[in-house]
Amino acid sequence: MFVFAKNSLARQFMAISLFILLISMLVIGTWMGHQIEESVLKRTAVYSSLYVNSYVSHYLQGLSDADELTPEDIEALNQIISQTPLGQEIVSFKVWSADGRILYSSNPAMMNQQYEDNPELILSFAGEVTSDISDLTDPENRYERQEWDSLIEIYSPIWASDTGDIIAVSEFYQLPDALEAEILVAKQRSWLVVGGTTLITYLLLAGLVSRASNTIVAQQSELLEKATQNAHLHNQVRQAAAHSTALNERFLRRISTDLHDGPGQDLSLALLRIGSLAKSYQYHAIPEADRQEGMADFRRVHTALESALAELRHISAGLQSPEIETLSVLETIGQAIGNYERKTQCRVSLTIGSLPDKTPPSVKIALYRILQEALNNGHRHANGHGQAVLVEIEEDTLCIEVTDTGPGFDPNAVVRDGHLGLAGMRERAQVLGGHFSIESHPGRGTRTRACLPLIVPEVDNV
């Protein structure tokens with residue numbers, strides 16, 4: 001069974017169809033042989049009964065008025081059986097009455113014996129000609145079976161010439177050799193026809209299935225080749241996505257450094273110089289009203305510079321991420337939550353499930369940024385109420401779930417407004433081949449969920 005299952009579908013179909021066709025051929029051939037045998041027997045019975053009755057019917061007409069044959073009729077029947085061509089055609093002859101009594105027999109010992117429950121005799125008295133190749137096992141055949149193993153047995157009704165009533169039934173036996181030879185030839189021809197038809201049908205099926213199978217195999221090969229190409233292209237896309245994720249993170253770090261070392265330093269220097277100028281301006285001989293107005297301007301500029309420097313440092317800190325490559329998944333999660341708690345003074349409930357031993361850097365980067373953005377969103381829109389983080393592995397993916405008990409919102413409305421934070425989180429998850437979803441309803445809090453694949457093509461020296 002296992003070996004059969006390993007064959008192609010075309011071979012399985014041809015094997016099954018061959019089995020079915022062979023079974024069908026045997027059934028049809030056997031049925032046709034049986035029909036041929038019955039047809040030949042019936043034809044032989046009809047012709048033989050007409051032939052026999054043409055000889056003996058005249059001498060049996062006396063039975064329409066009497067229950068016995070006259071000695072003259074019996075003598076005439078003996079002469080017909082022994083001296084006419086009819087005697088060469090039949091080996092035994094009997095005449096039956098309606099009550100199952102033998103009125104005449106070519107074997108005198110059988111005359112006047114009675115046998116009941118003879119179905120063929122009943123059918124013949126009903127007007128039918130019956131025939132069969134008998135194995136001579138019936139009680140009335142005890143003399144025939146001493147000489148023969150089987151004979152053709154024919155029962156034929158005898159009609160009265162004046163009334164048309166059945167007055168007797170003749171039973172005669174013929175040797176089966178010629179008939180069996182005829183039946184054998186007819187059966188052989190029928191088997192040749194059935195076998196030839198089955199063979200042609202199988203060959204046509206084999207040709208059609210083979211052609212269809214070759215077409216399917218060719219299409220499967222083409223689809224497999226395209227699937228391989230698609231898989232290769234998909235792998236290249238994912239590799240490019242991982243490469244892009246790492247590059248973006250490097251760019252963010254560079255921008256953070258440039259902001260800190262460039263505009264940040266200039267703003268710090270400007271603050272120092274503004275303070276010095278304010279002190280020197282305070283002691284110049286300037287009318288009091290002008291000095292007070294000038295000092296107010298200095299304070300406004302100083303306040304604006306301080307605010308710009310604080311915002312610049314905040315942006316720089318948000319862009320800057322830890323060296324993800326050297327951190328484990330647990331340490332990456334701790335960095336993201338720890339930075340958020342230090343900045344906002346909010347507490348986050350953390351639940352950790354099973355974590356992978358090794359995770360690609362691009363997945364850790366996405367994990368860090370999604371946690372960072374989701375927590376910041378919770379702080380801005382839910383004041384950090386009831387924030388909780390769940391991280392676990394589900395079917396070869398790292399799943400992050402951030403929830404809060406804030407006022408909630410309509411996600412569809414946010415998507416239509418083009419919220420960059422949600423779009424960024426979704427993009428980070430999908431670009432690695434993962435999934436992102438957000439569930440929220442007004443008054444029922446928010447659930448942000450992202451699943452990242454643990455197997456992502458990576459590149460070196462990004």
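The values are calculated or read from the model by the stated rules, or taken from the named source; none is laboratory data. None of these values were measured; they are calculated from a predicted model. Virtual Cβ from ideal backbone geometry, glycine too; neighbours counted across all protein chains shown.
Put simply, of 416, 428, 447, 380 the only residue that is at pLDDT 85 or above and either in contact with a strand residue (DSSP E or B) (Cβ under 9 Å, 6 or more places away or on another chain) or more than 16 Å from residue 328 (Cα to Cα) (or both) is 447. Residues that are under 44 Å from the mean Cα position of the chain (by Cα), more than 17 Å from residue 427 (Cβ to Cβ), surrounded by fewer than 17 Cβ atoms within 10 Å (Cβ to Cβ) and not basic (Lys, Arg): does region 356-374 have at least one? Yes; the residues of region 356-374 include at least one that is under 44 Å from the mean Cα position of the chain (by Cα), more than 17 Å from residue 427 (Cβ to Cβ), surrounded by fewer than 17 Cβ atoms within 10 Å (Cβ to Cβ) and not basic (Lys, Arg).
The set of residues from region 133-190 being part of a helix (DSSP H, G or I) and more than 60 Å from the chain's Cα centre (by Cα) comprises 139, 140, 141, 144, 145, 146. Looking at this structure, is residue 85 of a type outside the set (A, V, I, L, M, F, W, C), modelled with pLDDT under 85 and exposed (fewer than 15 other Cβ atoms within 10 Å of the Cβ)? In short, yes. In the set (1) closer than 22 Å to residue 161 by Cβ; (2) in contact (Cβ under 8 Å) with a residue 24 or more places away in the chain, the condition left unmet by residue 58 is number (2). Within region 356-380, the set of residues being within 18 Å of residue 434 (Cα to Cα), in a loop (DSSP other than H, G, I, E, B) and free of Cβ contacts under 8 Å to residues at least 60 places away in the same chain comprises just one member, 358. The set of residues in region 151-168 that are in contact (Cβ under 8 Å) with a residue 24 or more places away in the chain and small (Gly, Ala, Ser) comprises 156, 160, 161, 168. Within region 395-403, at least one residue is closer than 18 Å to residue 428 by Cβ, in contact with a Gly (Cβ under 8 Å, 6 or more places away or on another chain) and modelled with pLDDT of 85 or more. Looking at residue 223, is it part of a helix (DSSP H, G or I), at pLDDT 85 or above and aliphatic (A, V, I, L, M)? Spelling it out, residue 223 is indeed part of a helix (DSSP H, G or I), at pLDDT 85 or above and aliphatic (A, V, I, L, M). Residue 112 passes every criterion in (1) closer than 27 Å to residue 197 by Cβ; (2) of a type in the set (S, T, N, Q); (3) part of a loop (DSSP other than H, G, I, E, B) apart from (1). When region 88-104 is filtered for residues that are buried (at least 16 other Cβ atoms within 10 Å of the Cβ) and charged (D, E, K, R), the ones remaining, listed by number, are 94, 101.
Selection of region 43-73 for residues being under 58 Å from the mean Cα position of the chain (by Cα) and surrounded by 14 or more Cβ atoms within 10 Å (Cβ to Cβ) yields only 44. Can you pull out every residue in region 108-134 that is exposed (fewer than 13 other Cβ atoms within 10 Å of the Cβ) and more than 21 Å from residue 166 (Cα to Cα)? Within region 108-134, 108, 109 meet the criteria.
Applying a threshold of 6 Å to beta carbon distances and a minimum spacing of six or more residues, or different chains, the list of pairs starting in region 339-355 at a residue that is more than 12 Å from residue 401 (Cα to Cα) and modelled with pLDDT of 90 or more and ending at one that is polar (S, T, N, Q) and not in a helix (DSSP H, G or I) reads 348/387.
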